[in-house]
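See structure below.
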Amino acid sequence: VLMLPHGQEGQGPEHSSARLERFLTLCAEDNMIVCNPTTPAQLFHLLRRQSKQHKKRPLVIMTPKSLLRLPEARSYKKDFVDQTFMEIIDDSKADKLKTERIILTSGKVFYDLLKYRESKNISNTAIVRLEQYYPYDSIKVRNVLQGYKNAKEVVWVQEEPANMGAWGFLSL
């Protein structure tokens, strides 16, 4: 398991940032797992799943440093007990019939988008989190997106510039 600091949170020698796109470039033939969990329970279930796997392969986890102290990035006891690792997390607060726009995102930028949506009182946008980049399960993603019958637009949002991050990998 590689837990790498990730995020555009600082510069200088004490601030390192994993280059997600470099790991995604190395992905082929189910050779590794690359994830970016957004809650403590997700991280717990991901590590648990990794330890119980019969087919051993490297797990690369992007860990934004700001999530360590972010009050919104918390889990409750029931999240640890009743859930498992979710490769994609649907927006539980979005009204599926009112949603016209779906934002696919991953990592800490989810919390920035959530805060913006709440501050601007936006009710026609769903924010869906992609927690596992590779292996990418397009069927699970498609099933979540099909739940939004009135959605006219699906966009990907990431904190990195367009030539970095997961966009180049996911757009293929």
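Only one residue in 148, 133 is within 18 Å of residue 110 (Cβ to Cβ), under 14 Å from the mean Cα position of the chain (by Cα) and at pLDDT 90 or above, so which one is that?
Result of the check over 148, 133: 133.
When region 66-96 is examined, which residues are found to be charged (D, E, K, R), within 24 Å of residue 30 (Cβ to Cβ) and surrounded by fewer than 13 Cβ atoms within 10 Å (Cβ to Cβ)?
Hits for region 66-96: nothing passes.
Quick check on residue 99: is it over 25 Å from residue 161 (Cα atoms), of a type in the set (Ser, Thr, Tyr) and either without any contact (Cβ under 8 Å) to a residue 24 or more places away in the chain or open to solvent by less than 30 Å² (accessible area, probe 1.4 Å) (or both)?
Here the answer is yes, as residue 99 does meet what is asked.
Is it the case that residue 80 is of a type in the set (Phe, Trp, Tyr), more than 22 Å from residue 20 (Cβ to Cβ) and touching a helix residue (DSSP H, G or I) at 6+ places or on another chain (Cβ under 9 Å)?
yes
Which one is modelled with the highest pLDDT among residues in region 151-161 that are open to solvent by less than 80 Å² (accessible area, probe 1.4 Å) and out of contact with any strand residue (DSSP E or B) (no Cβ under 6 Å at 6 or more places or on another chain)?
Per the criteria, the residue is 158.
Residue check: is residue 116 under 27 Å from residue 168 (Cβ atoms), among the hydroxyl-bearing types (Ser, Thr, Tyr), surrounded by fewer than 19 Cβ atoms within 10 Å (Cβ to Cβ) and without any contact (Cβ under 8 Å) to a residue 40 or more places away in the chain?
In short, yes.
Six or more apart or on different chains, Cβ under 6 Å: which pairs go from a residue in region 137-161 that's within 14 Å of residue 91 (Cα to Cα) to one that's among the basic types (Lys, Arg)? Could you list them?
Going by the 6 Å Cβ cut-off, the qualifying pairs are 147/96; 148/96.
Tell me, which strands (runs of 3 or more DSSP E) lie completely within region 1-120 with 2 or more residues that are touching a strand residue (DSSP E or B) at 6+ places or on another chain (Cβ under 7 Å), among the aliphatic types (A, V, I, L, M) and farther than 27 Å from residue 142 by Cα?
Strands (runs of 3 or more DSSP E) meeting the threshold: 2-5.
Among the candidates 63, 105, single out the residue that is in contact (Cβ under 8 Å) with a residue 40 or more places away in the chain, of a type in the set (Ser, Thr, Tyr) and open to solvent by less than 20 Å² (accessible area, probe 1.4 Å).
Being in contact (Cβ under 8 Å) with a residue 40 or more places away in the chain, of a type in the set (Ser, Thr, Tyr) and open to solvent by less than 20 Å² (accessible area, probe 1.4 Å) holds for just one of 63, 105, which is 105.
The values are calculated or read from the model by the stated rules, or taken from the named source; none is laboratory data. Worth saying up front: this structure is predicted, and the values here are computed from it rather than measured. FYI the Cβ positions are ideal-geometry reconstructions off the backbone, even for glycines, and counts take in every protein chain you see. Note: areas computed on protein heavy atoms with side chains; ligands, DNA, RNA excluded. Shrake-Rupley method; radii C 1.70, N 1.55, O 1.52, S 1.80 Å.
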